Amino acid sequence: MMINKHSLLTIFIILLTSMLLLSACSNSNSSSTTGNGEIESPVVEEPEIDPYEALVMEKNEEIELTPLELTSYSEDVGATFANPSYQKFAVDGQVVVEGQIEKHAELQTDFVWIKVTTNVDGPTGKNLEYYTPIINGTFKQEIHFYNGEGEYQVNVQLPSMDRENYYYSTAKFDVINVNPEKKRDVTFTPYGYEAGLALDLSSSYVEENGVISLKGTANLTDEDTVMITLKKDSDNWKHVIPVKNGQFSYDVPLFFGEGLHELEVLVPDENRNNYYRTASVIYIHNLSNEVMMPITYYDMYIKRGVTLESPSYGGEKAEQTYFVRGTIDQSAEFAQETTHLYITTELDGETALEVIPVENFVFDGEFHLRFGPGTYKVTLSVPEIRERNSNEFRYFHFAEFEVESVAAVDNRNLLPSRGVQSDDPIIIALANEITEGASSDREKAKAVYEYVAKNISYDVEKLRTNDFQWDDSALKTLELKSGVCQDYAYLAIALLRAVDMEARYVEGFTRERHAWVEVLVDGDWLTMDPTWGAGYVHRNEFVAEYNEAYFDPNTAEFEKTHKRNGVAY
């Protein structure tokens, strides 16, 4: 038989392919030949077994695994469980509870209530509860173990078909957790689920050092707020947090020192105004032993859209000044008109009022603790937004806290104050120029009185229209070269303090409300009224006519026209 070239080529390819396959098969054999020609046995690596999984298998072999029993109520609602399968069993750190409810549409509540308990007391106690949503008749809940290894009892309760917020026990089982890791799940009440609450926490038991950063989201509007309450033993504090674009955040100081703090997160009740319902609870073990003073917040804090960034707690120590910093929500009521804040400081019955400007919805400024050492009550306020002019300041408190001054001296009559910018370079330069050549404090005081009385014109229109502004001050008076009694006093006091002379603002009455100055000269308070020393008003026109009668006037004569009420700071 003749074989053509084509057939020979085909046979050659088949033989070559067979040889390659044999070669590949020989390479795939894990055995190898040593230099002596001996064949080594293949090395087989045993798979690593997790020690806790091994312990679970061991425990479950010891336990008589009996099927899970359901109560008669399961038949009423047509409930079946996919997990768990047994009455008692061991697990490695978690268990899943899941099932179906045939008659779910007839239930009065859309949540399964799962109670977990243990006999051993842990950092957060012996109990933890879950509310698990029922979705299209199914429910599923992953459970971890808050006290680590040990035995836990789980009670699964299904809602009533007749009564709202009423539950019937449907299944009970015991779980032996072999894993020592403690993990307390973040759980939510039905109110939390209904509000779509989510917290940026992986556990509801955490350890922190002095502060916990609380962040979350919720299906709430910008008109809503989230409330928090912080508790430790008999101490408690509450605060409301604004919600913006469905988000909220707040750094919560752990005020009450070292130990366990309970932080409750509450959401608004849809059916009741200004009422909140518990949505979730977080436990924080504070590692810091520092005890802080809580800040008290008032309703105006939310209403006017204030966020106080600093301080976050009270009781701090300071010298003669203290800072506050924060923002105003641009969408809040009167946000555009809120151009300043009022700061009230109180110590031993003495009160001072200062102003901090708000620029581009941000405030960041300092105020003085002017009455020397001691614990001050500090009150922050927003101004009343008024349509008419007024000669009075009206404001509403939004926060209150304490500050401890450790200043060595009482400099109430030397420090700058509201309207008195005695530390401004322009005021300092002018004061030095005015008093140059004066050889005594009395001569300095007389030079200031003369300058103010001769250079400032009385603003009759301002008095007539009550056009008083929050930024009325010594610098403004100097710029306008006019003002009313308060403005004369602001400028005179600023110039006196700028050359280290103690001076104070005196409130009182003449024919109407009035203000003048007292300055400390050689250990005694000297009275001066630069407004009356500047001239007089005739037929609603100011007539400039300088006189010295109201520099250190005769007390008896002065009191015939001036009734002194007291000193204002």
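Across all directions, the average projected area of the convex hull around the alpha carbons of region 425-568 is 8.4 nm². The charge dipole of region 53-182, taken about its Cα centre with unit charges on the Cβ atoms of Lys, Arg (+1), Asp and Glu (-1) only, comes to about 300 debye.
For the pair His285 and Glu129, a Förster radius of 22 Å applied to the C-beta separation gives a FRET efficiency near 0.60, rounded to the nearest 0.05. Is the shape of region 485-531 rounded, prolate or oblate, going by the alpha carbon gyration tensor and its root eigenvalues a ≥ b ≥ c, with a/c under 1.5 for rounded and a/b larger than b/c for prolate? Oblate.
Dipole of the chain computed with +1 at Lys/Arg Cβ and -1 at Asp/Glu Cβ about the Cα centre; of Tyr490, Ser202, Val240, farthest Cα towards the positive end is Tyr490.
With viscosity 1.567 mPa s and temperature 4 °C, the Kirkwood radius over alpha carbon pairs of region 191-292 converts through Stokes-Einstein to a diffusion coefficient of 94 µm²/s. Once C-alpha pairs closer than 8 Å and six or more residues apart are averaged by separation and normalised to the residue number of the chain, the relative contact order reads 7 percent. The relative contact order of region 88-186, computed from alpha carbon pairs under 8 Å that lie at least 6 residues apart in sequence, is 37 percent. For the residue pairs Lys215/Lys238; Lys446/Lys563; Lys476/Lys563; Lys59/Lys88; Lys481/Lys563; Lys115/Lys231, the C-alpha atoms sit more than 21 angstrom apart in Lys446/Lys563; Lys476/Lys563; Lys481/Lys563; Lys115/Lys231. Once the convex hull of all Cα atoms in region 169-227 is built, its volume per residue stands at 137 Å³. Over 31 Å apart at the Cα level, from the set Lys232/Lys317; Lys244/Lys462; Lys182/Lys244, are Lys244/Lys462; Lys182/Lys244.
Taking trypsin sites (Lys or Arg not before Pro) across region 477-548, the ones in a DSSP loop with at most 16 further Cβ atoms lying within 10 angstrom of their Cβ are Lys481, Arg511, Arg539.
Considering only the Cα atoms of region 299-405, their convex hull presents on average a projected area of 6.7 nm². Answer rounded, prolate or oblate for region 106-239, using the Cα gyration tensor with square roots of eigenvalues a ≥ b ≥ c: rounded when a/c is under 1.5, else prolate when a/b is larger than b/c, else oblate. Cα axes put region 106-239 in the oblate bin. Under the convention that each Lys and Arg Cβ holds +1 and each Asp and Glu Cβ holds -1, the size of the dipole of the chain around its Cα centre is about 1280 debye.
Dipole orientation for the chain: of the candidates Leu65, Ile49, Val519, Val519 has the Cα lying most toward the positive pole (charges on Cβ; Lys, Arg +1; Asp, Glu -1). As a size descriptor, the averaged projected area of the C-alpha convex hull of region 53-182 was calculated at 7.8 nm². Values (1) 33, 29, 25; (2) 36, 31, 21; (3) 79, 33, 24 are given for comparison; semi-axes √(5λ) of the Cα gyration tensor in Å, derived from the coordinates here, is the one labelled (3).
What does the C-alpha gyration tensor say about the overall shape of region 233-364? Classify as rounded when a/c is under 1.5, otherwise prolate if a/b is larger than b/c, or oblate. Cα axes put region 233-364 in the oblate bin.
Of the trypsin sites (Lys or Arg not before Pro) in region 178-244, not one is in a loop by DSSP (not H, G, I, E or B) with at most 12 other beta carbons within 10 Å.
As a proxy for reagent exposure, Tyr166, Tyr193 were ordered by neighbouring Cβ count within 10 angstrom, fewest first; the result is Tyr166, Tyr193.
Bear in mind these aren't lab numbers, they're just calculated from the coordinates by the rules spelled out. These numbers come from a predicted model, not from an experiment. Neighbour counts are summed over all protein chains in view; Cβ atoms, including those assigned to glycine, are modelled from backbone coordinates with ideal geometry.
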